[in-house]
1. Are there any pairs with C-beta distances below 7 angstrom linking a residue in segment 67-83 that is under 14 Å from D266 (Cβ atoms) to a residue that is among the acidic types (D, E) and buried (at least 17 other Cβ atoms within 10 Å of the Cβ), with the two at least 6 apart or on different chains, and if so which?
2. Just the residues that are of a type in the set (D, E, K, R) and touching a Phe, Trp or Tyr at 6+ places or on another chain (Cβ under 9 Å), please, taken from segment 105-152.
3. Output the qualifying pairs, or none if there are none: Cβ atoms under 6 angstrom, residues six or more apart or on different chains, first residue in segment 513-530 and of a type outside the set (S, T, N, Q), second residue open to solvent by 50 Å² or more (accessible area, probe 1.4 Å).
4. Could you tell me whether A342 is open to solvent by 10 Å² or more (accessible area, probe 1.4 Å) and not in a helix (DSSP H, G or I)?
5. Can you tell me which residue within segment 433-472, out of those that are more than 17 Å from the chain's Cα centre (by Cα) and of a type in the set (S, T, N, Q), is least open to solvent (accessible area, probe 1.4 Å)?
6. Are any residues in segment 107-155 more than 16 Å from P242 (Cα to Cα), in contact with a Lys or Arg (Cβ under 9 Å, 6 or more places away or on another chain) and of a type in the set (G, A, S), and if so, which ones?
7. Sort through P388, P319, P367 and tell me the only one that's in a helix (DSSP H, G or I) and farther than 29 Å from L443 by Cα.
8. Filter segment 106-124 down to residues that are in a loop (DSSP other than H, G, I, E, B) and of a type outside the set (D, E, K, R) and give me whichever is surrounded by the most Cβ atoms within 10 Å (Cβ to Cβ).
Amino acid sequence: MTNVVSAAGLAWLGLGLCSSTLAAQEPQGGANLQLSNETFRVELATAGAVPVGWSVRDDTPGGTGGDNFVDLLDPGAIAATTFRPLALVLPPLPDGGVPAADQRVYEVSRADTPTELVVTLTAPPDASGLQFIKTYRLVNGQHVAQLRVEVHNSGDVAQTLDHDGRGLGITLGPGLGYSATRKPELFGEGWVTSILGFYKGPDGVFSVDVPSEEPRRADVPETGGAQWGGVHSQYFTMVLVPETDGAAAPFVSATIAADTSAGFGDRIGAEDLESYPCVTLFHPPLTLAPGASHVYAYSIYAGPKDRELLQASGLEIEPILFHHLWDWLAWLCKALETALAALNSVFNSWGWSIIVFAVLFRVITMPLSLYGAKHQMLMKRKMTALKPEVAAIKEKHKSNSDTRNEAILALYKKNGINPLSQSKGCLPLLIQLPVMVALFQLLLNSYELRGASFMWIDDLTLTDRLAPLGFELPWLGSYFNVLPLIMFVAQVIIAKSMSSSTEPGEGGAGPALLLLPVAMTILLYPFPSGCMLFWTTGNILQVAEQRLATSYVRKMS
C-alpha cells in the first residue's frame, strides 16, 4: 500500500507548521559543529542538520568581518525564527507563513582530510520509516560547497512525497547577512539596496520581492520550473544549484515568503521583514518503494557576486550579475566593469581608472561634442541677429498668435534656422547619461569596488565626504562633498562661455544660467563619489571643448 506523506505525518520535520503560529525555538541536541577552512567558517546545528552560521572570506578593502570574514547568515534572525537555511520541507506551505525547521537531532560522523571537510548527519527514521541523511563537503579554497541529501524508505510500504505536483523542498534564508538597517542609508552613508530571493527560470534570472500584503508570500509560476535559486544582497549571494540528469527544470516551483510570526517581527522589526526573504525550492513528486532510496545532490555557491569567482564555480550562475536591469543597461554595466578592470590592472587604482576612462570617453566623443556645441552656438548667434526682425513681427501681429508664429517660422526658415536643431548641443549629455547610470549601478553592486579609496575619498561607492556637516539636510545628507561643487563651477564656466560666445557684450553667469548647474549639483550631490569623479572629470574636459568651440565660432564671425 502506498502511503502519501503529509505534513501532519511528519511532525518531527516541522513540515506544515507555520512560523506565524510557532514561537522561535533554540535547537536541542549536542554542541554545534564548527567547520573552518580558507574560504568558509560554517557552524552546523545537529538539530535539523542545518547551518546556523556561515561566514565567507572577504579580501576587498571594504571587508568588515572579523579577520576579513563576512557573515552570510544573521544569527539573530535565525534564533528568532523557526525557518532554517538548507532545511528539508514537504509541501504544502501553510497559509500565511513559512515552514518550520527540522528540529530532529541528527547523529554525526566526520571524515575530514587536509583538503576538504566532510560531515555526514543521519536522522533516525520517523514512524512511517522515512529517513534523511545529509552530507556536507567543503573543499579548501573554493567558494562552492556540496550538499548530498539521501531520502531512504526503511518502512514496509511505499512512500510518496507529493502535494499538488510538488515534492521535497529545500530552503535558503532567512535573508542574507544583516538587514537594510545595517546598511548605508540615503541621508547618511549612501544608498540602501535590497536583499531578495531569486530563481533561474527558462527566460532568465528573476528577483522576487516579498509581497507587502498578507500572506506575505510569492509563489513562483510553475510554468517552466526553476533551474536554480537563492538569495542575494548588494555584494553577496548564496545560490543552490542541483545536480541533474539533464532535466531542464530540476525544481518545479518556488516560494519566497516573509516570516510574519510575532517573535520574528519583534526581533527583526516589522519594517525589515522584506530584508529576510525565506526561499523554498520544490522538487518534482517522488515515490519510494520499501527499502528504496533517492539522492538529491546540490552545489552551494556562497560568496561575493564577483564575475571571476562566479565563473570559476563552473555552475553557470553569472547571469545573476545585474539581472535586475534592462538588458541593454546590464550589458553596458558589464562592458564598463570590463573596461575599468582593464584600466585598474594598469594603474592599480580604481579612482585613476575612472578618471582615465572619463578622459578616454571624452576623447572618443569629442568630435560629436564639438559638432553639437558649434551648431548650438551658431544657431543661437543667428537667432540673436534676427531679434529685431522677430520683435517687429511680434509687434505687427500681436493680436493674431497663429499669424505671428507662422511669420517667425518663415523668417527662421529663410535664414536657415531650425529652432529644434539646438537640441544637437545636448547630444554629448544624452550619450553620457547611460554611462553615468551604468556606473551608478556598477558602484552599487560591484564587489571589487567595495571599499576602494582614492585621495581623500574613503570609499568610491559612497559620497566623497571631505568633512561631516554636524547636521543632516534632506537629500543632501550630513557630509560636505567636494566633487559636486567642482562640477558646479565647471558647469557655470561652460554656461558663461556659451552665453558670451553667442551674445557679445551680454555674457555673464546670470540667474538663468545658474539654474541648470544648481539643479544638477543638488540632484547629484548624494551620488557615489565614483560617479561624481567620472562626471566632474567630463565637465572639466568639457570646459576645454567649449573654449575650442567658442574660438571656432568667433573665427567665423
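The values are calculated or read from the model by the stated rules, or taken from the named source; none is laboratory data. Just so it is clear, the model here is predicted, and its values are computed rather than measured. Counting neighbours? That spans all protein chains shown, and the Cβs are built from the backbone with ideal geometry, glycine included. SASA here: full protein model, heavy atoms, side chains in, ligands and nucleic acids out. Shrake-Rupley method; radii C 1.70, N 1.55, O 1.52, S 1.80 Å.
1. Between residues of segment 67-83 that are under 14 Å from D266 (Cβ atoms) and residues that are among the acidic types (D, E) and buried (at least 17 other Cβ atoms within 10 Å of the Cβ), the close pairs are T81/D259.
2. D126, K134, R148, E150, listed by residue number.
3. Every condition considered, the pairs that remain are P517/F488; Y525/L476.
4. Considered against the rule, which asks whether it is open to solvent by 10 Å² or more (accessible area, probe 1.4 Å) and not in a helix (DSSP H, G or I), A342 comes out as no.
5. T463
6. A123
7. Of P388, P319, P367, the one residue that is in a helix (DSSP H, G or I) and farther than 29 Å from L443 by Cα is P388.
8. The selected residue is Y106.
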